[in-house]
1. Restricting to the range 18-56, name every residue that is in contact (Cβ under 8 Å) with a residue 60 or more places away in the chain and small (Gly, Ala, Ser).
2. Looking at Gly37, is it touching a Lys or Arg at 6+ places or on another chain (Cβ under 6 Å) and buried (at least 19 other Cβ atoms within 10 Å of the Cβ)?
3. Please enumerate the residues belonging to the range 214-239 that are under 22 Å from the mean Cα position of the chain (by Cα), surrounded by fewer than 20 Cβ atoms within 10 Å (Cβ to Cβ) and in contact (Cβ under 8 Å) with a residue 24 or more places away in the chain.
4. How many residues does the range 57-105 contain that are of a type in the set (Ser, Thr, Tyr) and in contact (Cβ under 8 Å) with a residue 60 or more places away in the chain?
5. Based on this model, can you work out whether Ile117 counts as within 29 Å of Ser186 (Cβ to Cβ) and among the aliphatic types (A, V, I, L, M)?
6. Taking the range 122-152 as the region of interest, how many residues are out of contact with any Pro (no Cβ under 8 Å at 6 or more places or on another chain), part of a strand (DSSP E or B) and not polar (S, T, N, Q)?
Amino acid sequence: MTAHPVTLSAVVTVHDEAHQLADCLAGLRFADEVVVGLDKCTDGSQAIAERLADKVFAGAWELEGDRRNAAIAQCGGDWVLEVDADERVPEALAREIRATIATTPFDWHEIPVDNYIGGRLVRWGWGGSYGKPAYPGLFRRGVKTWGRQRVHPSLQWSGERGHMLRERLVHYVDRDISDMIRRLDSYSTARARDLRASGQVGSFPSNLRRLFSRFFKCYVLRKGYREGGYGFLIALFAGLYPLLSHLKARLETD
């Protein structure tokens, strides 16, 4: 009896990403199914998705975790590859993903990430909830559940972790330094809302200490110093993120 071929769903959730969605979806054609979730889109994202994806659905979610879970639930493949609109899957990574799901005994795998600021590859220093050097984006359907947070939602797993893949995802994380600053402001605002909703906003001294500990971790231990000024900014923003989130949660009401 011939074994059932292992199938793969690639899923993307977007909010007004018409300027880059087509490039993202073009790199997902190696998957058996491409699913796009539209979150309150008012630009041309829907037309692009309907042209290039196999399944398109729309909704309005307040929490990032809820939006991602809804998108995963739409997938019909044995495995799911979760990517964002500002990410690209090179051909070498696509081949490794197909080979992995065909042979692995494990349930989920991390994928290493090459982060770009504008046209500059910035590989060192990411972390501290401000950037991802790798992410758990390849998993069997049913083993991954996102938590109910607005930003950086927690993860719950019911399967066994496998090795990290070798090939890298391309992530166009920021256009420039101004974009980095805007992202810090957006992330910390969303995190502040999560802190207020939980009733646990933390203390100023502990978050002040995290500024220095996170800076040291990203700049020294994760070798952000190798990236010059960009590495310094990544470490600085990683340290500021919990402190700004705490102050917004305490001093603001929305």
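The values are calculated or read from the model by the stated rules, or taken from the named source; none is laboratory data. Keep in mind that what you see is a predicted model, and the values were worked out from it rather than measured. Positions of Cβ are generated from backbone atoms using ideal geometry, with glycine treated the same way; all protein chains shown enter the neighbour counts.
1. From the range 18-56, those in contact (Cβ under 8 Å) with a residue 60 or more places away in the chain are 20-21, 23-24, 27-28, 30; that's our starting set.
Residue satisfying the conditions is Gly27 alone.
2. Working: touching a Lys or Arg at 6+ places or on another chain (Cβ under 6 Å): no; buried (at least 19 other Cβ atoms within 10 Å of the Cβ): yes.
No: the conditions fail for Gly37.
3. Lys217, Lys223
4. Taking the range 57-105 as the starting set, the residues that turn out to be of a type in the set (Ser, Thr, Tyr) are 100, 103-104.
Next, only the ones that are in contact (Cβ under 8 Å) with a residue 60 or more places away in the chain stay: 100.
Adding up the residues that qualify gives 1.
5. Working: within 29 Å of Ser186 (Cβ to Cβ): yes; among the aliphatic types (A, V, I, L, M): yes.
Taking the combined requirement at face value, the residue satisfies it.
6. Final tally of qualifying residues: 7.
So that you can scan it fast, the table gives a plain yes or no per residue for (1) of a type in the set (Gly, Ala, Ser); (2) surrounded by fewer than 19 Cβ atoms within 10 Å (Cβ to Cβ):
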{"residue": "Gly131", "(1), (2)": "yes, no"}
{"residue": "Pro136", "(1), (2)": "no, yes"}
{"residue": "Lys144", "(1), (2)": "no, no"}
{"residue": "Gln156", "(1), (2)": "no, yes"}
{"residue": "Leu165", "(1), (2)": "no, no"}
{"residue": "Met180", "(1), (2)": "no, no"}
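For (1) surrounded by 19 or more Cβ atoms within 10 Å (Cβ to Cβ); (2) within 17 Å of His246 (Cα to Cα), each residue gets a yes or a no:
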residue: Asn115; (1), (2): yes, no
residue: Gly119; (1), (2): no, no
residue: Val122; (1), (2): yes, no
residue: Phe139; (1), (2): yes, no
residue: Arg150; (1), (2): yes, yes
residue: Glu160; (1), (2): no, no
residue: Arg193; (1), (2): yes, yes
